Amino acid sequence: MTDNPNTQPDVGLSGQSITRSHDPRERTAIRNVSVLLLLRGFILAGGVATATLVPRTMGPATYGRYDLITMLTFWFSMLGGLGTAQVVSRQTPQLEHEGAVERLRSLFGNLLALRTLASVVVALLYLVATRLWLRDLEWPILLVLSVAVLLRGPASLCYALFLGQGRIGRWALPEAVRQWGSVLFALPCYLLGGLRGAVTGYLVTETIIFLMGVVGARRSLSCSALRFNLRAVAPHLRVGMLFYAAELVSSAFERSGAVLVRSATHDYVQVGLFGVSYQIFAAAMLSSNQIATSFVPLITVLRARGEAAELKVWVARLVKWLAVVAMLGFLGSVILGKDIVPLVLGRAYTSVFRNVAVMSATLLFLPLTHVCGMLALTHDRPRIMIQATAVRLLCFWPLGWPLVSRWGSLGACATVFFATGAQTVVYLWKNRSLIETAFGRWAMVVGVGLAFAPLAYLRASLGLNVILYVTAAGGYLLVLRVLGTISARELEALFKALGLAKRQHAAEAGP
């Protein structure tokens, strides 16, 4: 027991205790994590609604076109980033702490002017590049999306400002708006005007995000500071360009799958099949990454205190539970995927169940990659992130071209699996001193789960398949419990780490 009334021990699985201070900064961090988790549920719901309604309504070929051209807007938007968002999110907390309001306005105004100018350039590049490459599409469609590229640049800088200011709820809003915007704007507009209507609805969503960003950042905006002074921002940009390089490598992988499928097959149906498969995967991937990132404050504190043993305990615990969830998803995809995919997406997407099975197998790598990425952040080792993402990209295109040429969208999904596996190997090697125990837990969890996968060969009717999945999932969890791999106490400890335990709330509400 400590003498400080504002602290309390949180006992971990290892029997050691983590003394956690309830100062305002920590309470703010806990509230931020809670907001992110709530938003993640809202985003997942939007992703399910989008996956259920949009691909089914548009059909594989039209959805393939829509997915390709909208996905490209993100790549071009990122191309115009120049590391400005990272500079703003890193410098804002320090400047606000120093009370340097005018310096913040000057920096933000300079970078906003630069980002807007860069957005104009990349919007024109998007229009020209897509017009030359995708000659089968009408130019007004591409013009509408080039406006979306233009708006997204300055908007993203405003949201980077919110992140630096600790306004986490507002910072995380764009993803939620985009998910639900597909259902509320793009889909109705498609029904009225086809593909041209769909991209108009897409522009409506981006306009809403832009207006929310500008309105939210108005207190840090100054007309006099809205100018570009290269000499003033050059020192900051030198740092930002390092982050920009890492972002380019990562985005080149995450946003180029549809481009690879279109280039190798010239078939929009295959683009659509891959697009809907990757959308399902991306929703789960973002959730896993969000949860791993939410542990940054805890791991940072443990590292600062030199509690290496307890840090490894929490890393192993996080990897293990993320792996359990990923394995339950994998078992569901191989046993129920063939039944669920046609029900959700429509019969035109029946073959997607094979893609979903491969992508859900890829999810098994993510507990390791996301936690290792989080460790690279907390231990100030950005080179590891660059190296791992570079290996993933270098595997993706050379391996993907022959696989996609032969098996279409399924080959693209297989390529994502192998490339992510290669990235995982790099992460494990670079973080071996921190991740060794966690890797052993991951191997145990995944190994036990794979033992239940052959039940998929007994598939028959939907009712029987549901019974098979319940049996597989229940048996899997039971075996892990008997082996002592998982426990309710451990799961409770994870929630306590996120600040969601009742004791935490009672402490905050105390006298």
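The values are calculated or read from the model by the stated rules, or taken from the named source; none is laboratory data. These numbers were taken from a predicted model, which means no experiment stands behind them. Glycine gets a Cβ as well: all are built from the backbone with ideal geometry, and neighbour counts include every protein chain shown.
Residue by residue, here is whether (1) farther than 23 Å from Ala348 by Cα; (2) small (Gly, Ala, Ser); (3) in contact with a strand residue (DSSP E or B) (Cβ under 8 Å, 6 or more places away or on another chain) holds:
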{"site": "Ser251", "(1), (2), (3)": "yes, yes, no"}
{"site": "Gln270", "(1), (2), (3)": "no, no, no"}
{"site": "Ser287", "(1), (2), (3)": "yes, yes, no"}
{"site": "Ile299", "(1), (2), (3)": "yes, no, no"}
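Sub-7 Å Cβ pairs linking a first residue in region 92-120 that is in the same structural domain as Trp171 (by TED's automatic domain parsing) and farther than 24 Å from Val149 by Cβ to a second residue that is at pLDDT 85 or above and crowded, with 17+ Cβ neighbours inside 10 Å, at least 6 apart or interchain, are Thr92/Leu161, ordered by first then second residue. A search for C-beta distances below 9 Å between a residue of region 336-359 that is in the same structural domain as Cys413 (by TED's automatic domain parsing) and any residue that is of a type in the set (Asp, Glu), counting only pairs 6+ apart in sequence or on different chains, returns Phe353/Asp339.
When only residues in region 158-171 that are under 12 Å from Met212 (Cα atoms) and in contact (Cβ under 8 Å) with a residue 24 or more places away in the chain count, which is surrounded by the most Cβ atoms within 10 Å (Cβ to Cβ)?
Our first condition is that a residue be under 12 Å from Met212 (Cα atoms); within region 158-171, this holds for 158-159, 162, 170-171.
Now drop any that are not in contact (Cβ under 8 Å) with a residue 24 or more places away in the chain, which leaves 158-159, 162, 170.
Numbers: Cys158: 27, Tyr159: 23, Phe162: 23, Arg170: 18.
Only one residue tops the list, namely Cys158.
Can you tell which of Ala376, Ala456, Ala438, Ala419 is touching a residue at least 40 places away in the same chain (Cβ under 8 Å), surrounded by 13 or more Cβ atoms within 10 Å (Cβ to Cβ), under 28 Å from the mean Cα position of the chain (by Cα) and closer than 30 Å to Val352 by Cβ? Give the derivation first.
On the way: Ala376 fails: closer than 30 Å to Val352 by Cβ; Ala456 fails: under 28 Å from the mean Cα position of the chain (by Cα); Ala438 fails: closer than 30 Å to Val352 by Cβ.
Answer to the check: Ala419.
Matching residues to (1) surrounded by fewer than 19 Cβ atoms within 10 Å (Cβ to Cβ); (2) within 18 Å of the chain's Cα centre (by Cα); (3) charged (D, E, K, R); (4) within 23 Å of Met71 (Cβ to Cβ):
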residue: Ala264; (1), (2), (3), (4): no, no, no, yes
residue: Leu273; (1), (2), (3), (4): no, no, no, yes
residue: Ser287; (1), (2), (3), (4): no, yes, no, yes
residue: Leu328; (1), (2), (3), (4): yes, no, no, no
residue: Thr350; (1), (2), (3), (4): yes, no, no, no
residue: Ser360; (1), (2), (3), (4): no, yes, no, yes
